[in-house]
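A.B. asks: I'd like to ask you about the structure that follows.
The values are calculated or read from the model by the stated rules, or taken from the named source; none is laboratory data. None of these values were measured; they are calculated from a predicted model. Here the Cβ positions follow ideal geometry from the backbone for every residue, glycine too, while neighbour counts run over all protein chains shown.
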Amino acid sequence: MSQVSVPSSSTAQPAELSRNGSAMISLHDIWRVYDLGEVQVQALKGVSLAIPRGQFVALMGTSGSGKSTMLNILGCLDRPTSGVYRLDEVDVSTFSPSRRADIRNQKIGFIFQSFNLLPRTSVWENVEAPMLYSGVPKAERARRIEAALKVVGIPEKAKALPNQLSGGQQQRVAVARALVNQPAILLADEPTGNLDSTTSEEIMRFLQHLNREKGITLVMVTHEHDIAAYATRILHMKDGHMLSDEMNPTITP
C-alpha cells in the first residue's frame, strides 16, 4: 500500500473553545485521506471546529462533501489521517480500534436513519443491548431501560417487537437505546430519513427537547433544510472543507 500524503494547511485555525476546555468536541486541522491504490481521496481537508457542551448542531452538505466522514470520526468509528480530535477533553485522534470502541460505549450514543433495531427482539431487549457490551449490572440495566422508555414516551411498548411499532415509535426506541449508556454526545445520521413529514416533526421536536431540557450535546447529519432548522447551529460542508458555520437566528440557544 502506498503511503498516504497529507498536504499542509495554512488556512486551518485551532478550535478556539478547546483552549479553555469548554468544548465537548474540538477538531484541529483534521485530514482524512483514503488510499485506494493508485488514487488517494481527500475526504476531509484541514477541518477545525469546536462544539461547546450542550449545543445542537446540524451538519449539511451534498453527497461527497465529507459530512459522513466527519460523523464517523466524531463517533470514533474512524480516525483522522492527521490532526487532533478531542472528545470531552480526551485526545482520541490516535486511539486503537479497541480503545475507540471503549470510547463509543462510554461517551457516544448513535441514532441512525434505518433505526437498526433487532427485528425478533423486544423493545426492552433492543434498548438493553448497549449495556450488555458495557457490563452494566442487571438491576441497573432495568432501571435505565425503564427511565429511557419513559423519557421517549413509550414505556408501555417494552414487550413489543419492532414490527408492531410505527416508524416514529421505532425511532424513539432507537433514541432510548442511544441514551441508556448515558452518553456525553448523541450523533444522529439522517434521523428522519425514513419518516413521513408529520412523524419527522414529532421526532425533531423530541430531539430538540432532549437537547434543551437534558443538556445533551447533539450533532445531526441531514440534507433537509427544514430538519436542520431545529438545530441551534448549522454547518455546511463542501469538498471536504467547512464552507459555512452559522448560528440559527430562529432558535434561542
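A.B. asks: Can you name every residue in the range 42-74 that is part of a loop (DSSP other than H, G, I, E, B), more than 21 Å from M247 (Cβ to Cβ) and of a type outside the set (G, A, S)? Outline the logic, then answer.
C.D. replies: At the first step, the residues of the range 42-74 found to be part of a loop (DSSP other than H, G, I, E, B) are 53-55, 61-66.
Then keep just the ones that are more than 21 Å from M247 (Cβ to Cβ); that gives 62-64, 66.
Within the range 42-74, just T62 meets the criteria.
A.B. asks: Sticking with this one: State whether the residues of the range 186-202 include one that is in contact with a Lys or Arg (Cβ under 8 Å, 6 or more places away or on another chain), at pLDDT 90 or above, among the aliphatic types (A, V, I, L, M) and buried (at least 17 other Cβ atoms within 10 Å of the Cβ). Steps first, answer last, please.
C.D. replies: Within the range 186-202, the first condition is being in contact with a Lys or Arg (Cβ under 8 Å, 6 or more places away or on another chain), and the residues that meet it are none.
Checked the range 186-202: no residue is in contact with a Lys or Arg (Cβ under 8 Å, 6 or more places away or on another chain), at pLDDT 90 or above, among the aliphatic types (A, V, I, L, M) and buried (at least 17 other Cβ atoms within 10 Å of the Cβ).
A.B. asks: Considering only the range 105-123, how many residues are touching a helix residue (DSSP H, G or I) at 6+ places or on another chain (Cβ under 6 Å) and either small (G, A, S) or in a helix (DSSP H, G or I) (or both)?
C.D. replies: Matching residues across the range 105-123 total 3.
A.B. asks: So is G83 surrounded by 21 or more Cβ atoms within 10 Å (Cβ to Cβ), small (G, A, S), under 20 Å from S26 (Cβ atoms) and in contact with a Leu (Cβ under 6 Å, 6 or more places away or on another chain) or not? Steps first, answer last, please.
C.D. replies: On the way: surrounded by 21 or more Cβ atoms within 10 Å (Cβ to Cβ): yes; small (G, A, S): yes; under 20 Å from S26 (Cβ atoms): yes; in contact with a Leu (Cβ under 6 Å, 6 or more places away or on another chain): no.
The answer is no for G83.
Here is a yes/no grid of residues against (1) of a type in the set (F, W, Y); (2) more than 14 Å from the chain's Cα centre (by Cα); (3) more than 30 Å from V136 (Cα to Cα):
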{"residue": "V180", "(1), (2), (3)": "no, yes, no"}
{"residue": "L195", "(1), (2), (3)": "no, yes, yes"}
{"residue": "E201", "(1), (2), (3)": "no, yes, yes"}
{"residue": "N211", "(1), (2), (3)": "no, no, no"}
{"residue": "L218", "(1), (2), (3)": "no, no, no"}
{"residue": "K238", "(1), (2), (3)": "no, yes, yes"}
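A.B. asks: Restricting the search to the range 154-185, which residues are of a type in the set (D, E, K, R), at pLDDT below 95 and either over 26 Å from I25 (Cα atoms) or in contact with a strand residue (DSSP E or B) (Cβ under 7 Å, 6 or more places away or on another chain) (or both)? Show your work before the answer.
C.D. replies: We begin by selecting, within the range 154-185, every residue of a type in the set (D, E, K, R); these are 156-157, 159, 172, 177.
Those left that are additionally at pLDDT below 95: 172, 177.
The answer is none; no residue qualifies.
A.B. asks: Residues that are of a type outside the set (A, V, I, L, M, F, W, C), at least 3 per element: which helices (runs of 4 or more DSSP H) completely within the range 156-253 meet that? Don't jump to the end; show me each part of the working.
C.D. replies: Details: elements: 167-179, 197-214, 225-228.
By residue number, 167-179, 197-214.
A.B. asks: Something else now. Right, D239: surrounded by fewer than 15 Cβ atoms within 10 Å (Cβ to Cβ), modelled with pLDDT of 95 or more and among the acidic types (D, E) or not? It would help to see each step written out before you state the result.
C.D. replies: Working: surrounded by fewer than 15 Cβ atoms within 10 Å (Cβ to Cβ): yes; modelled with pLDDT of 95 or more: yes; among the acidic types (D, E): yes.
Considered against the rule, which asks whether it is surrounded by fewer than 15 Cβ atoms within 10 Å (Cβ to Cβ), modelled with pLDDT of 95 or more and among the acidic types (D, E), D239 comes out as yes.
A.B. asks: Could you identify the single residue in S93, S26, S98 that is surrounded by 19 or more Cβ atoms within 10 Å (Cβ to Cβ), among the hydroxyl-bearing types (S, T, Y) and over 24 Å from E224 (Cβ atoms)?
C.D. replies: Working: S93 fails: surrounded by 19 or more Cβ atoms within 10 Å (Cβ to Cβ); S98 fails: surrounded by 19 or more Cβ atoms within 10 Å (Cβ to Cβ).
Within the list S93, S26, S98, the selection yields S26.
A.B. asks: While we're here: Collect the residues in the range 154-164 that are surrounded by 14 or more Cβ atoms within 10 Å (Cβ to Cβ) and either of a type outside the set (A, V, I, L, M) or more than 24 Å from the chain's Cα centre (by Cα) (or both), keeping them in residue-number order.
C.D. replies: First pass over the range 154-164, keeping only residues surrounded by 14 or more Cβ atoms within 10 Å (Cβ to Cβ): 154-155, 157-158, 160-162.
Result: P155, K157, A158, A160, L161, P162.
A.B. asks: Only one of these conditions is not met by S134: (1) surrounded by fewer than 16 Cβ atoms within 10 Å (Cβ to Cβ); (2) within 20 Å of the chain's Cα centre (by Cα); (3) free of Cβ contacts under 8 Å to residues at least 40 places away in the same chain; (4) under 14 Å from Q182 (Cβ atoms). Which number is it?
C.D. replies: Among (1) surrounded by fewer than 16 Cβ atoms within 10 Å (Cβ to Cβ); (2) within 20 Å of the chain's Cα centre (by Cα); (3) free of Cβ contacts under 8 Å to residues at least 40 places away in the same chain; (4) under 14 Å from Q182 (Cβ atoms), the lone unmet condition for S134 is (3).
A.B. asks: Okay, moving on. Residues to consider are N116, N105; find the one that is polar (S, T, N, Q), within 25 Å of G215 (Cβ to Cβ) and in contact (Cβ under 8 Å) with a residue 24 or more places away in the chain. Break it down stepwise before answering.
C.D. replies: On the way: N116 fails: within 25 Å of G215 (Cβ to Cβ).
Criteria check complete, one pass: N105.
A.B. asks: Does the range 226-236 hold any residues that are touching a residue at least 12 places away in the same chain (Cβ under 8 Å) and either surrounded by fewer than 18 Cβ atoms within 10 Å (Cβ to Cβ) or in contact with a Lys or Arg (Cβ under 6 Å, 6 or more places away or on another chain) (or both), and which are they?
C.D. replies: Of the range 226-236, the ones touching a residue at least 12 places away in the same chain (Cβ under 8 Å) are 227-236.
Passing the criteria: only A229.
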